[in-house]
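Novice: The structure's right below; bear with me while I get my questions together.
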Amino acid sequence: MEKEALVKSLKEQGLLQTPRIIRVFLKTERADFLPPELRESAYEDTPLPIGEGQTISAPHMVAVMTEALQVRVNDKILEIGTGSGYQAAIFAQLASKGVVFTVENVEELARAAGKKLARYKNVHVVVGDGSLGLPEQAPFNKIVATCACPATPKPWIEQLAEGGRIIAPVGGPYEQDLILIEKFNNKTRTQSLGFPCAFVQMRGEYGFQSL
Ligand code: SAH
């Protein structure tokens with residue numbers, strides 16, 4: 001499939017809706033974030049391996065999370081799970097007058113993604129345990145996890161700005177549901193987006209412990 005056909009299909013399924021998000025999807029080459037031997041499959045709607053046992057999320061997942069996050073142009077965003085860097089590239093363009101901090105615990109992946117993201121001046125790749133958030137840069141208007149969480153880590157809620165939103169896959173190690181947390185008047189409201197998913201597990205202090 002070509003990029004245009006993929007975007008058309010995501011629109012027809014109602015997963016991509018917002019014009020400026022659609023424009024950013026059309027402008028961002030998923031192929032650039034894949035190992036060379038997989039570039040042919042870049043616009044198939046499927047997750048793909050990116051090394052170190054990790055995957056780049058399927059385009060429909062990136063679409064759903066991006067729509068649900070409602071990124072504004074000035075937002076300060078925290079992403080947990082840089083992976084290939086593709087999703088951070090999408091956020092960087094949507095928050096073109098803001099900034100994106102993306103945390104990855106696998107150093108090799110962080111380094112590779114950092115090179116690919118160098119052209120987006122408002123993205124900072126940080127190596128570390130994103131389950132702890134990034135207290136030195138808090139508060140964030142948007143926090144998005146692209147790895148599975150057993151529960152929403154408390155530090156993320158503390159580091160969320162007033163009026164902010166968290167989107168994260170929360171549940172068991174093999175199946176999760178996408179949840180949305182909003183913060184108003186220092187209170188939070190959590191709701192399920194009713195979207196089953198299967199992300200790679202988050203490690204670290206608030207993550208799944210490896211066997
Ligand atoms: N958003 C990515 C997909 C990420 S896959 C993309 O667009 O390609 C999930 C990533 O989360 C993996 O790279 C994994 O190494 C990372 N990860 C797992 N636990 C983590 C933690 N505690 N802190 C930061 N990153 C973590």
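Novice: Could you say whether any residue in segment 138-146 is assigned to a loop (DSSP other than H, G, I, E, B), in contact with a Pro (Cβ under 8 Å, 6 or more places away or on another chain) and not polar (S, T, N, Q)?
Specialist: For segment 138-146, residues assigned to a loop (DSSP other than H, G, I, E, B), in contact with a Pro (Cβ under 8 Å, 6 or more places away or on another chain) and not polar (S, T, N, Q): absent.
Novice: Return a yes/no flag: does segment 178-192 have any residue that is surrounded by 15 or more Cβ atoms within 10 Å (Cβ to Cβ) and either among the aromatic types (Phe, Trp, Tyr) or part of a loop (DSSP other than H, G, I, E, B) (or both).
Specialist: Within segment 178-192, not a single residue is surrounded by 15 or more Cβ atoms within 10 Å (Cβ to Cβ) and either among the aromatic types (Phe, Trp, Tyr) or part of a loop (DSSP other than H, G, I, E, B) (or both).
Novice: Let me ask you something else. Would you mind listing the helices (runs of 4 or more DSSP H) fully within segment 1-70 where at least 1 residues are over 19 Å from GLY81 (Cα atoms)?
Specialist: Per the criteria, 3-12, 19-27.
Novice: Does at least one position in segment 150-168 carry a residue that is farther than 26 Å from ASN74 by Cα, in contact with a Ser or Thr (Cβ under 8 Å, 6 or more places away or on another chain) and not small (Gly, Ala, Ser)?
Specialist: Narrowing segment 150-168 to residues farther than 26 Å from ASN74 by Cα: 150-151.
Subset that is in contact with a Ser or Thr (Cβ under 8 Å, 6 or more places away or on another chain): none.
So far as segment 150-168 goes, no, none of its residues is farther than 26 Å from ASN74 by Cα, in contact with a Ser or Thr (Cβ under 8 Å, 6 or more places away or on another chain) and not small (Gly, Ala, Ser).
Novice: Right, here's the next one. Only residues that are surrounded by fewer than 16 Cβ atoms within 10 Å (Cβ to Cβ), on the phi < 0 side of the Ramachandran plot and touching a strand residue (DSSP E or B) at 6+ places or on another chain (Cβ under 7 Å): list them for segment 129-172, please.
Specialist: GLN137, ALA151, ALA161, GLU162
Novice: Any idea which of THR66, THR102, THR55 is within 22 Å of PRO153 (Cβ to Cβ), touching a Ser or Thr at 6+ places or on another chain (Cβ under 9 Å) and surrounded by fewer than 22 Cβ atoms within 10 Å (Cβ to Cβ)?
Specialist: THR55
Novice: Restricted to segment 121-132, and to residues that are closer than 19 Å to PHE25 by Cα and within 16 Å of the chain's Cα centre (by Cα), which residue is nearest to the ligand (Cβ to nearest atom)?
Specialist: VAL123
Novice: Could you list, in sequence order, all residues of segment 86-110 that are near the ligand (Cβ under 10 Å from one of its atoms) and within 11 Å of TYR120 (Cα to Cα)?
Specialist: Those that are near the ligand (Cβ under 10 Å from one of its atoms) and within 11 Å of TYR120 (Cα to Cα): ALA88, ALA89, ILE90, PHE91.
Novice: Test VAL126 against the criterion of being surrounded by fewer than 24 Cβ atoms within 10 Å (Cβ to Cβ) and not in a helix (DSSP H, G or I), and give yes or no. Full working, then the answer.
Specialist: Details: surrounded by fewer than 24 Cβ atoms within 10 Å (Cβ to Cβ): yes; not in a helix (DSSP H, G or I): yes.
Taking the combined requirement at face value, the residue satisfies it.
Novice: Please identify the pairs in which a residue from segment 105-119 that is farther than 18 Å from LEU134 by Cβ has its Cβ atom under 7 Å from the Cβ atom of a residue that is within 10 Å of the ligand (Cβ to nearest atom) and at pLDDT below 95, counting only partners at least 6 apart or on another chain.
Specialist: Matching pairs, first to second residue: GLU108/GLU52.
Novice: Can you find a residue that is farther than 18 Å from ALA118 by Cβ, more than 8 Å from the ligand (Cβ to nearest atom), modelled with pLDDT of 95 or more and more than 13 Å from the chain's Cα centre (by Cα) anywhere in segment 65-73?
Specialist: There is at least one residue in segment 65-73 that is farther than 18 Å from ALA118 by Cβ, more than 8 Å from the ligand (Cβ to nearest atom), modelled with pLDDT of 95 or more and more than 13 Å from the chain's Cα centre (by Cα).
Novice: Do you know which of the residues in segment 74-102 that are outside any loop (DSSP other than H, G, I, E, B) and of a type in the set (D, E, K, R) is farthest from the chain's Cα centre (by Cα)?
Specialist: Going through the qualifying residues, I end up with LYS76.
The values are calculated or read from the model by the stated rules, or taken from the named source; none is laboratory data. In this text the structure is predicted, and so the values were computed from the model without any measurement. Glycine also receives a Cβ, built like all others from the backbone with ideal geometry; neighbour counts cover every protein chain displayed.
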